[in-house]
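The structure under discussion appears below in the form of structure tokens.
Every number in this text was worked out from the coordinates using simple rules, so none of it is lab data. Remember, it's a predicted structure, so these values are computed and weren't measured experimentally. Glycine gets a Cβ as well: all are built from the backbone with ideal geometry, and neighbour counts include every protein chain shown.
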Amino acid sequence: MSSPLKVFITGASSGIGEALAAEYARRGAILGLVARRGDALAAFQQSHPQNAISVYSVDVRDADALAQTAQQFIAEHGCPDIVIANAGISRGAVTGHGDLQTFRDVMDVNYFGMVATFEPFAQLMTDARKGSLVGIASVAGVRGLPGSGAYSASKSAATKYLEALRVEMRPFDVSVVTIAPGYIRTPMTARNPYSMPFLMDADRFAAKVANAIARKTRFATFPWQMRVVAMILHVAPRWLYDAGFEKAPRKPRAAQ
């Protein structure tokens, strides 16, 4: 009988992270769950008594605390088989309107938080020549969405980082998986004041992601229709993109 998977997930208190935690719990995994909301993590832990779950109330912007958390998980369970850097925030921000701190916050969580999540585990995985590092990017990183410059930039940066990391890890048999969600039904997307085509339920999304990780897929977009949309957006000439998105609905700016 094979040993249970050990899975470490950031941003696990709600949305995609919580759905991924629930999916891996169903698969019998040992879980390390990280989020700022310790109460939500504790509630998840209590609702899954059949699983070995360690929870850590940590902000991924605190790299030192995140590294200590990683060492605690390793000491208790060993090096994880899968590390999922999922923590993310989405806030509207517009240049020239005093939103500089919003730009910093979004980049700190969505990009630097991802790097900080992988940092404590990468060397262990390369030494063991096994494991998977998984980053949650976004279709929003394909083009710069008006009103969401901070979010698009952070997810574009994450995508390029993951691509570089994938090639770096290749000689050591460590897989790097990029997941680019479209619209997933979560508390984050519930705040969007516009229609969201091909909206997918989080539990269905999580099952597809877990399967993609198991296959060591390099890059996956769910739902599949958004993969087509992303391909079209990627190749659209700038003049056409500019004209088409100039009056597109925008995410409200963060409260100042």
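Under the simplified labelling scheme, the HIS234-ALA75 pair shows an inter-label distance of 4.4 nm, with each label point 7 Å from Cα along Cα→Cβ. With the convex hull of its Cα atoms as the shape, the stretch 1-85 has an orientation-averaged projected area of 5.1 nm². Here the Karplus relation 6.51 cos²θ - 1.76 cosθ + 1.60, evaluated at θ = phi - 60°, turns the backbone of the stretch 94-107 into coupling constants of 10, 5, x, 10, x, 9, 4, 5, 5, 4, 5, 4, 5, 5 Hz, with x for every Gly and Pro.
Could you tell me what fraction of 2.2 N^0.38 Å the Cα radius of gyration of the stretch 110-229 comes to, as a two-decimal ratio?
Working: Rg = 14.9 Å, N = 120, 2.2 N^0.38 = 13.6 Å.
Expressed relative to 2.2 N^0.38 Å, the Cα Rg reads 1.10.
With the charge dipole of the chain set up from +1 on Lys and Arg Cβ and -1 on Asp and Glu Cβ about the Cα centre, the Cα lying farthest toward the positive end among the listed residues ILE30, GLN101, ALA137 is that of ALA137. In a Gaussian network model over the chain where Cα atoms closer than 10 Å are linked, find which of ALA75, ALA137, ALA210 has the largest mean-square fluctuation. Fluctuation is largest for ALA75. Dipole check for the chain: with +1 at the C-beta of Lys and Arg, -1 at the C-beta of Asp and Glu, and the Cα centre as origin, the magnitude is about 820 Debye. The lysine pair tally for the chain, using Cα distances under 30 Å and a gap of 8 or more places or different chains, is 19. When the chain is modelled as a GNM with alpha-carbon springs shorter than 10 Å, which of VAL142, VAL229, VAL115 fluctuates the most? In this elastic network of the chain, the residue with the biggest mean-square fluctuation among VAL142, VAL229, VAL115 is VAL229.
Taking a ≥ b ≥ c as the square roots of the eigenvalues of the alpha carbon gyration tensor, the stretch 193-235 is oblate, as a/c is not under 1.5 and a/b does not beat b/c.
Take the Cα coordinates of the chain, assign each an equal point scatterer, and use the Debye formula without solvent to give log10 I(q)/I(0) at q = 0.10, 0.11 Å⁻¹. Debye output, listed in q order: -0.47, -0.57. Of GLY88, GLY244, GLY149, the residue with the greatest mean-square motion in the GNM of the chain, using alpha carbon springs below 10 Å, is GLY244.
Counted by Cβ distance under 14 Å from SER156, the other residues give a net charge of +2, where Lys and Arg count +1 and Asp and Glu count -1. The residues neighbouring GLN71, those whose beta-carbon lies less than 13 Å from its own, together hold a net charge of -3 under the Lys/Arg +1, Asp/Glu -1 convention. Label separation (GLN101 vs ASN211): 4.4 nm, computed from points 7 Å beyond Cα along the C-beta direction.
Positive end of the dipole of the chain, charges at C-beta (+1 Lys, Arg; -1 Asp, Glu), about the Cα centre: which of ILE213, GLN123, MET196 has its Cα farthest in that direction? Towards the positive end, the residue furthest out is MET196. Remark: TRP239, TRP224 ranked as TRP239, TRP224, counting other beta-carbon atoms within 10 Å and listing the fewest first.
Under 8 Å for C-alpha pairs, at least 6 residues apart: give me the relative contact order for the stretch 6-245, rounded to a whole percent. Don't skip to the end; give the middle numbers.
Values: 438 pairs, mean separation 44.1, N = 240.
So the answer I get is 18 percent.
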